[in-house]
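Here is the structure we will look at.
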Amino acid sequence: MEKPIKKGQDLSVKIEDIAFGGAGIAHIDDFIIFVKNGLPGQKVQVRVTKAKSSFAEARILEVLEQSPKYRQAPCPYFEYCGGCSHQNLAYDRQIEYLYAQVKQLYQHLGGFGSVDILPTVQSREIYRYRNKMEFAFSNRRWTTGDYETEKPENFALGLRAPGNFWKAIDLNDCLIAPEETPVVLRIVRNFALKNNLSPHNQKRHTGFLRHLVLRKALNTNQLMINIVTSDNQHHVFQPLVGELAAELNNLSCVVNTISRTLSGTTIGEKQHILFGEDHILEKVGNLSFKISPASFFQTNTVMAEMLYNIVAKYAALNTSEVVWDLYCGAGSIALYLAEQAKEVIGFEIVKAAVKDARENAVLNQIENVQFIEGNLDKIFSKKPELLDELPKPDVLIIDPPRGGMHPKLIPVVAQLNPQRIVYVSCNPASQVRDIKMLLEQGAYHIAKIQPVDMFPHTPHIEVVTRLMRTD
Ligand SMILES: C[S@@+](CC[C@H](N)C(=O)[O-])C[C@H]1O[C@@H](n2cnc3c(N)ncnc32)[C@H](O)[C@@H]1O
């Protein structure tokens with residue numbers, strides 16, 4: 001069948017709603033068009049960038065009629081960068097749309113018609129809230145028309161252009177990143193250009209400079225800079241370290257990570273400490289956390305504490321109860337709950353994260369926790385004895401990656417049959433899918449659903465859901 005709409009075609013459409021994922025939704029008859037940065041109420045002239053048989057994607061060429069919900073995005077890169085798709089909406093409107101999407105997912109995808117969803121806990125800061133940014137070097141600067149023509153075209157340090165992963169938008173700042181960002185980007189960019197250090201070519205996998213990762217511990221003010229390169233020539237960075245330390249008085253650690261993999265990961269085979277320690281220290285509540293370059297840590301520190309308080313409230317532990325923390329990362333939730341529990345057992349696939357979790361337990365003098373390294377997709381089928389040997393959980397915390405739980409883990413959870421389950425997720429679509437399966441296979445009901453905004457201006461939302469055993 002011929003596609004009703006073709007790539008490259010220009011159309012005039014009215015945006016009706018915002019889709020899960022952030023794009024504006026428009027229709028031509030029954031055919032759906034997802035419009036990047038489109039806002040409900042806007043009439044726009046668009047160009048189709050992708051055309052499939054059931055939907056198309058388009059970008060705005062001109063706003064013909066403005067939406068009453070529109071406001072000028074403060075970021076100069078907003079139109080090009082894919083990171084913040086909602087900066088042109090006032091924050092309370094962003095919250096409304098995300099809330100409506102969570103509700104729709106629970107009601108329509110999950111079929112949980114009558115559940116109540118609590119009002120979203122809003123982010124305390126809506127700019128400079130991220131404690132970690134991964135910037136990319138590229139040998140192809142994303143450019144359009146007369147945009148920043150004074151900059152070289154064969155060098156960029158910034159964020160990947162959406163839908164164009166071999167180019168990067170050269171950034172002077174990013175408004176959701178730590179406040180030191182413009183200084184770090186300027187010094188590193190100038191140093192690389194002055195010394196002819198080649199940026200990475202994402203297509204051919206050549207070039208020396210791959211990523212620049214910035215991490216900041218909010219409550220201790222410590223700053224980490226990690227330069228990821230394809231080769232081991234760490235000595236070239238010594239003058240750069242001097243320049244960074246001269247301008248950044250909170251610089252605690254500069255690392256050069258060597259990563260030769262074809263994938264874009266910032267976790268490498270080798271690390272050289274160029275300055276200071278091999279980690280920064282963060283504080284959340286009464287606890288200290290050691291954050292190494294490869295550690296996972298919630299990216300919005302203020303909201304991480306709020307999130308963990310909600311998890312603790314929904315876990316409602318007494319000190320005779322056992323908790324299992326599935327997908328525990330560097331153990332932050334497990335350690336946060338340890339004081340209120342008899343014992344906490346964390347499970348995690350990444351070796352370095354398990355090492356951090358164990359070190360963080362020692363750092364905080366917490367003894368009633370243990371961390372098991374393993375792949376939750378198969379650990380209980382490979383080692384069924386774990387289910388008999390470990391103390392059974394009264395409470396289960398589940399905090400999986402975006403894709404959600406492996407289907408094989410659902411019957412294991414039903415078999416463990418804990419009193420309470422607290423499911424934390426940054427992707428309510430996979431969360432709803434998993435909860436639906438859990439309710440089909442185990443005797444549970446949904447007791448509470450709490451959205452928490454950890455990622456202002458983006459289409460992402462965290463949701464904490466409390467399941468109670470029905471007996
Ligand atoms: C969203 S993070 C949760 C981190 C932690 N709960 C926290 O708040 O810091 C998800 C974690 O699941 C881990 N993970 C992903 N797939 C896994 C698997 N198949 N088995 C075990 N852990 C996995 C990731 O390495 C990551 O640390």
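Each reported figure results from applying straightforward, stated rules to the coordinates on display, with no laboratory input. All of these numbers come straight from a predicted model, not from anything done at the bench. Virtual Cβ from ideal backbone geometry, glycine too; neighbours counted across all protein chains shown.
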**Asked** Using alpha-carbon pairs under 8 Å, 6+ residues apart, how would you state the relative contact order of the range 1-105 in percent?
**Response** 23 percent
**Item:** Computed over the range 103-213: relative contact order in percent, which uses C-alpha pairs under 8 Å that are six or more apart
**Value:** 27 percent
**Message:** Compute the distance from the alpha-carbon center of the range 100-147 to that of the range 1-45, in whole Å.
**Reply:** 20 Å
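Suppose a student asked you for the relative contact order of the chain, using Cα pairs under 8 Å spaced at least 6 residues apart; what percent would you report?
Values: 1038 pairs, mean separation 55.0, N = 471.
After rounding, I find 12 percent.
Once every DSSP H run of n ≥ 4 in the chain is given -39500 (n - 2.57) and the sum is divided by its residues, what mean residue ellipticity at 222 nm do you get, rounded to the nearest 500 deg cm²/dmol?
Values: 10 runs with 104 residues, N = 471.
Roughly -6500 deg cm²/dmol at 222 nm, from the helical runs in the chain.
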**Fill in**
Expressed in angstrom and rounded, the centroid-to-centroid distance over alpha carbons for the range 298-350 and the range 229-297 is 27 Å
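Efficiency by 1/(1 + (r/R0)^6): what FRET value for E277 and H205, r their Cβ-Cβ distance, R0 = 35 Å, to the nearest 0.05?
Plugging the Cβ-Cβ distance into 1/(1 + (r/R0)^6) gives 0.65.
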